[in-house]
Amino acid sequence: AIVRPLDEMKVLEIPIAQDALTRIKVQNDRILHVFGNAGEYVLETDDYQGQIFIRPIPSFEAVPSKTISITLTTEAGYTQDLRLLPKKQTPETLILQVS
């Protein structure tokens, strides 16, 4: 897993799998909302666990330098901006930790 501290003042850059779902969760919290350009990715939610699964859409993958920008908000009131970098790699879970 990729573990990063939650930092509302920064945009976190994270590599994600280009052709598979990547799981994103916030430790000891739940993701409530995701904002971004929905034409760039497929988003599945697990409302029970409060986590999301994201994958670039196939036409978006064709542009290798393209990134996906999303903003998450959590049940505890945190907001995190993410810049996701699609790469040819195995999907790894992204765990955001509140410090």
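The values are calculated or read from the model by the stated rules, or taken from the named source; none is laboratory data. Quick caveat, the model's predicted, so the values are computed rather than measured. Please note: Cβ atoms are built from the backbone with ideal geometry, for glycine as well, and neighbour counts cover all protein chains shown. Only protein heavy atoms, including side chains, enter the accessible area calculation; ligands, DNA and RNA are left aside. Shrake-Rupley method; radii C 1.70, N 1.55, O 1.52, S 1.80 Å.
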Whichever lysines have a C-alpha closer than 16 Å to that of LYS66, once near sequence neighbours (fewer than 8 apart) are set aside | LYS87, LYS88
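Accessible area per residue, 1.4 Å probe, Å², for the chain: what's the number?
On the way: 5640 Å² over 99 residues.
Accessible area per residue, the chain: 57 Å².
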Starting from the Cα of LYS25, draw a straight line to each of the lysines and keep only those under 19 Å, dropping any in the same chain fewer than 8 residues away.
-> LYS10
Dipole magnitude of the chain about its Cα centre, charges +1 at Lys/Arg Cβ and -1 at Asp/Glu Cβ only, in debye to the nearest 20?
-> 280
Neighbour-limited loop hits for trypsin sites (Lys or Arg not before Pro), the range 1-61 (at most 14 other Cβ within 10 Å; DSSP other than H, G, I, E, B) | LYS10
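Calculate for the chain the 222 nm mean residue ellipticity that helices alone would give, adding -39,500 (n - 2.57) per DSSP H run of length 4 or more and normalising by residue count, nearest 500 deg cm²/dmol. Before the final figure, lay out each step's value.
On the way: 1 runs with 4 residues, N = 99.
For the chain, the value works out to -500 deg cm²/dmol.
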Over the chain, what is the mean sequence separation of C-alpha contacts under 8 Å (at least six apart), divided by residue count, expressed as relative contact order in percent?
-> 47
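Please identify the longest segment of the chain free of exposed GluC sites (Glu not before Pro), where exposed means a DSSP state other than H, G, I, E or B and no more than 16 other Cβ atoms within 10 Å. If you can, show how the numbers build up before the last one.
Values: sites that count: GLU8, GLU75, GLU92.
The reported range is 9-74.
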Accessible carbon and sulfur surface of the range 12-56 relative to its total accessible area, %, 1.4 Å | 44
